[in-house]
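The values are calculated or read from the model by the stated rules, or taken from the named source; none is laboratory data. These figures come from a predicted structure and were not determined experimentally. Neighbour counts are summed over all protein chains in view; Cβ atoms, including those assigned to glycine, are modelled from backbone coordinates with ideal geometry. All accessible areas refer to the heavy atoms of the entire protein, side chains included, with ligands and DNA or RNA removed. Shrake-Rupley method; radii C 1.70, N 1.55, O 1.52, S 1.80 Å.
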Amino acid sequence: MKKKLLAMLLAFSMVLALCACGDAGGMPSGSPAASPASSPAAAPSGEPVPSEPTPSDSAGLSGTLEVWSSGEELGRFMEGFNQVHPDVTVNITVVPNADFIAKLTPTLASGQGAPDIFTGESDYVKYLVDSGFWDDLRQAPYSADTSDVWDYVASVGTDASGALRALSWQASPGSIMYRRDMAKEVLGTDDPAEVAALLSSNDAMLDVAAKLKDKGIKMFASWQDIMNMQFSNRAQPWVVDDRLVIDESMLDFMDMAKTIAENGYDLNVDPWAPEWSAAVESTDTFCYVLPSWGYQFVVKPAADTTKGQWAMCQGSVPYVKGGTWLGIYKDSPNKDLAWAFLEYCCLNSEAQQAYAAEYGEYVSLKSADQALAAGAGEEVLGGQNPFAFYNEQMEKIPSDLMTAYDGTINTAFLSAAKAYATGVLSKDDALQQFKDDVANAYPELTID
């Protein structure tokens, strides 16, 4: 089993290196540069958030902890962590996401120089959850209490036997982020609940797209972004009992993509292209379909003349896409230090409130998100509080359908969908290309 998983990891690492991207239609490899917090954060309400959480029973620890991460976000916790554990040195090695698995896999296989803690991105976290390299956090000496963790986050970190292998400090529920001014002009309302009612299905979104086109407005920045949401429309995951499953909703998505492309309902660019990013300030683009990081890294920092003209609503389904999980290496000689760090980042509500208030990131603990939802709204969103919106979405998120194959299969499917949408291949030929790509990557799977 372990040899099979290692082979799968190596196959996926080659795909990552080629595509150099995180999720289909998602963030590029690596995270925006971040520096550790240097001052106490302020909550949206203006009230200070505690920056010195109550020390846990493990206070007084000393030693050096080695952490491997595909991004720099964990460094933001260091000032607060060292206030509680001043004698613990945490060395965080950031390995670009495209290279992460290729470097991690042989290190874990040999056991030489392995980190005490390492992360797993959403595209390949299930590989790691099922690999046996992460300890069970529900067992001693950890005995993790996940009652305050959003169910989806804990579910992703849980293997088939029920062992909790990883947790996260973040969650990434999604929305349709739309322009209030354009909604008022074309739809007669900018109210999130009313706009959501008009976008409650794929067909409904296409109807709105046609109305927007009549006014010279593109509905979407890129049809590819919709794939972020489409996963939550599925009834089954990509792989069931070692057999590739193409859920009916994914076939519907291919048709939707083609309709958007043929009718000019989007900008006809890839996510992260200059035109895609510039659409935040455009006069002819209605919305982005992105998880929470899309507001944090795309819309909020770019909105200048459009500040106050954005809002969030639910699309055809509530969804979550992306995220980074954290687990403890089963052979770590520093499990006490590793648990202190993981517990601080992933289970300490005060630490997460401070982190979220300063950096705007939606976090994994219900209590932290609920506290932030009680604060003031965002100027960019016309006073809407994103934490309040995302909390409602997290209550509705469907069951976790992630598999160990998702990263590679997602990339192959998006490529096939693009070939069909742009007229390069027929639908049947695009699906055959998809099946061939999956078969080449995972010859052990049964593909009908």
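Search the range 379-392 for residues being open to solvent by less than 40 Å² (accessible area, probe 1.4 Å) and in contact (Cβ under 8 Å) with a residue 40 or more places away in the chain, and hand back the single one that is nearest to Tyr319 (Cα to Cα).
Top of the filtered list is Tyr390.
Give the residue, chosen from Asp151, Asp116, Asp159, that is among the acidic types (Asp, Glu) and under 29 Å from Gly60 (Cα atoms). Give the steps one after another, and end with the answer.
Numbers: Asp151 fails: under 29 Å from Gly60 (Cα atoms); Asp159 fails: under 29 Å from Gly60 (Cα atoms).
When all the criteria are applied, what remains is Asp116.
Surrounded by fewer than 18 Cβ atoms within 10 Å (Cβ to Cβ), within 21 Å of the chain's Cα centre (by Cα) and of a type outside the set (Phe, Trp, Tyr): which single residue out of Gln236, Gln224 fits that description?
On the way: Gln224 fails: surrounded by fewer than 18 Cβ atoms within 10 Å (Cβ to Cβ).
After applying the criteria, what remains is Gln236.
Which residue is most open to solvent (accessible area, probe 1.4 Å), if the candidates are limited to the range 172-214 and must be of a type in the set (Val, Ile, Thr) and in a helix (DSSP H, G or I)? Explain how you work it out, then say what you get.
At the first step, the residues of the range 172-214 found to be of a type in the set (Val, Ile, Thr) are 176, 186, 189, 195, 208.
Going one step further and asking which of them are in a helix (DSSP H, G or I), we end up with 186, 195, 208.
Working: Val186: 31, Val195: 0, Val208: 6 Å².
Within the range 172-214, the match that is most open to solvent (accessible area, probe 1.4 Å) is Val186.
Restricting to the range 307-327, name every residue that is open to solvent by 10 Å² or more (accessible area, probe 1.4 Å) and over 18 Å from the mean Cα position of the chain (by Cα).
Within the range 307-327, Lys307, Gly308, Gln309, Ser316 meet the criteria.
For Glu121, all conditions in the list (1) more than 30 Å from Leu251 (Cβ to Cβ); (2) crowded, with 23+ Cβ neighbours inside 10 Å hold save one; what is the number of the exception?
Checking Glu121 against (1) more than 30 Å from Leu251 (Cβ to Cβ); (2) crowded, with 23+ Cβ neighbours inside 10 Å, the one that fails is (1).
If Trp169 meets every condition in (1) open to solvent by 10 Å² or more (accessible area, probe 1.4 Å); (2) modelled with pLDDT of 95 or more apart from one, which number is that one?
(1)
Please go through the range 393-413 and give me each residue that is touching a residue at least 60 places away in the same chain (Cβ under 8 Å), among the charged types (D, E, K, R) and farther than 10 Å from Tyr152 by Cβ, ordered by number. Walk me through it before giving the result.
First pass over the range 393-413, keeping only residues touching a residue at least 60 places away in the same chain (Cβ under 8 Å): 393-394, 396-411, 413.
With among the charged types (D, E, K, R) added as a condition, the list becomes 396, 400, 406.
Answer for the range 393-413, where residues must be touching a residue at least 60 places away in the same chain (Cβ under 8 Å), among the charged types (D, E, K, R) and farther than 10 Å from Tyr152 by Cβ: Lys396, Asp406.
I want to confirm something. Restricting to the range 406-448 and keeping residues that are exposed (fewer than 14 other Cβ atoms within 10 Å of the Cβ) and of a type in the set (Gly, Ala, Ser), which single residue is nearest to Pro271 (Cα to Cα)?
Gly423
Out of Asp331, Asp304, I need the residue that is surrounded by fewer than 24 Cβ atoms within 10 Å (Cβ to Cβ), part of a loop (DSSP other than H, G, I, E, B) and without any contact (Cβ under 8 Å) to a residue 60 or more places away in the chain. Which one? Reasoning before the result, please.
Details: Asp331 fails: without any contact (Cβ under 8 Å) to a residue 60 or more places away in the chain.
Step by step, each of Asp331, Asp304 is checked, and only Asp304 is surrounded by fewer than 24 Cβ atoms within 10 Å (Cβ to Cβ), part of a loop (DSSP other than H, G, I, E, B) and without any contact (Cβ under 8 Å) to a residue 60 or more places away in the chain.
Have a look at Asp241, Asp266, Asp270 and point out the one that is free of Cβ contacts under 8 Å to residues at least 60 places away in the same chain and in contact with a strand residue (DSSP E or B) (Cβ under 6 Å, 6 or more places away or on another chain). Spell out how you get there, then give the answer.
Values: Asp241 fails: in contact with a strand residue (DSSP E or B) (Cβ under 6 Å, 6 or more places away or on another chain); Asp270 fails: in contact with a strand residue (DSSP E or B) (Cβ under 6 Å, 6 or more places away or on another chain).
Result: Asp266 is the single residue among Asp241, Asp266, Asp270 that is free of Cβ contacts under 8 Å to residues at least 60 places away in the same chain and in contact with a strand residue (DSSP E or B) (Cβ under 6 Å, 6 or more places away or on another chain).
Listed residues Trp276, Trp293; which is touching a Phe, Trp or Tyr at 6+ places or on another chain (Cβ under 9 Å), assigned to a helix (DSSP H, G or I) and more than 20 Å from Ala209 (Cβ to Cβ)? Don't jump to the end; show me each part of the working.
Values: Trp276 fails: more than 20 Å from Ala209 (Cβ to Cβ).
Result: Trp293 is the single residue among Trp276, Trp293 that is touching a Phe, Trp or Tyr at 6+ places or on another chain (Cβ under 9 Å), assigned to a helix (DSSP H, G or I) and more than 20 Å from Ala209 (Cβ to Cβ).
Restricting to the range 334-358, and then to whatever is closer than 12 Å to Leu167 by Cβ and of a type outside the set (A, V, I, L, M), can you tell me which residue is most open to solvent (accessible area, probe 1.4 Å)?
Only one residue fits best here, namely Glu343.
So which residues in the range 62-106 are open to solvent by less than 10 Å² (accessible area, probe 1.4 Å), within 20 Å of Pro333 (Cβ to Cβ) and of a type outside the set (A, V, I, L, M), if there are any at all?
Ser69, Phe81, His85 - these are the residues of the range 62-106 that are open to solvent by less than 10 Å² (accessible area, probe 1.4 Å), within 20 Å of Pro333 (Cβ to Cβ) and of a type outside the set (A, V, I, L, M).
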